[in-house]
Amino acid sequence: MTSSGEESLSDTFGFMELAIQQAKLALNSLEVPVGCVIVEDGKVIASGRNRTTETRNATRHAEMEAIDILLEQWKKNGFMESEVANKFSKCIKEVYYGCANDKFGGCGSILSLHSSNPEPAMSAGVPQQKGFKCTGGIMASEAVFLFRNFYEQGNPNAPKPHRPLVQQVSN
């Protein structure tokens with residue numbers, strides 16, 4: 001979930017609940033259960049869910065779906081490219097997520113996309129902040145439950161293994 005500004009804890013849980021609802025929609029569509037909401041000034045302005053299997057497009061993660069919806073809205077509202085860039089940069093200041101993914105996570109599990117360089121970037125002699133605040137573990141039990149359901153049901157859309165599965169022998 002992406003957010004702008006400091007939100008109260010109850011707002012954070014409310015926004016995360018909306019992201020969990022999007023994740024449930026993804027699960028019901030046999031997608032990895034991930035949802036996203038983008039918040040500006042305390043209001044949800046876009047949401048999305050994973051649609052990689054449905055669209056057969058590996059880039060259709062929840063975040064990209066929400067961003068595309070947001071960009072389309074701004075385009076319809078007649079914002080110029082510079083205005084879109086400015087508004088968008090204000091939205092991605094904080095990210096909250098339910099649980100880490102040790103195989104694919106981008107906020108510290110595998111990659112640290114949220115981390116900035118120790119040296120601040122400069123633009124016209126003014127230091128520019130890089131990176132964003134990232135907080136995990138919000139509604140973690142709900143997020144883990146959704147992932148477990150997904151992996152327990154199996155993924156009928158996953159490619160068939162190229163080699164036979166190794167069978168475990170019981171003693």
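The values are calculated or read from the model by the stated rules, or taken from the named source; none is laboratory data. Just so it is clear, the model here is predicted, and its values are computed rather than measured. Note: ideal-geometry Cβ built from the backbone for every residue, glycine included; neighbour counts use all protein chains shown. What goes into the accessible areas is simple: the full protein's heavy atoms, side chains included, and nothing from ligands, DNA or RNA. Shrake-Rupley method; radii C 1.70, N 1.55, O 1.52, S 1.80 Å.
Of the residues contained in segment 131-138, none is found to be in a helix (DSSP H, G or I), at pLDDT 65 or above and open to solvent by 80 Å² or more (accessible area, probe 1.4 Å). Among the residues making up segment 7-56, those that are open to solvent by less than 60 Å² (accessible area, probe 1.4 Å) and among the polar types (S, T, N, Q) are S8, T12, Q22, S29, S47, N50, T52, T53, T55.
Is it the case, given these coordinates, that I67 is over 16 Å from A140 (Cα atoms), open to solvent by less than 50 Å² (accessible area, probe 1.4 Å) and not in a helix (DSSP H, G or I)? In short, no.
Restricting K76, K160 to those that are open to solvent by 50 Å² or more (accessible area, probe 1.4 Å), more than 21 Å from H61 (Cβ to Cβ) and at pLDDT below 80 reduces the list to K160.
Considering only residues in segment 79-120 that are modelled with pLDDT of 85 or more and part of a loop (DSSP other than H, G, I, E, B), the one that is most open to solvent (accessible area, probe 1.4 Å) turns out to be M80.
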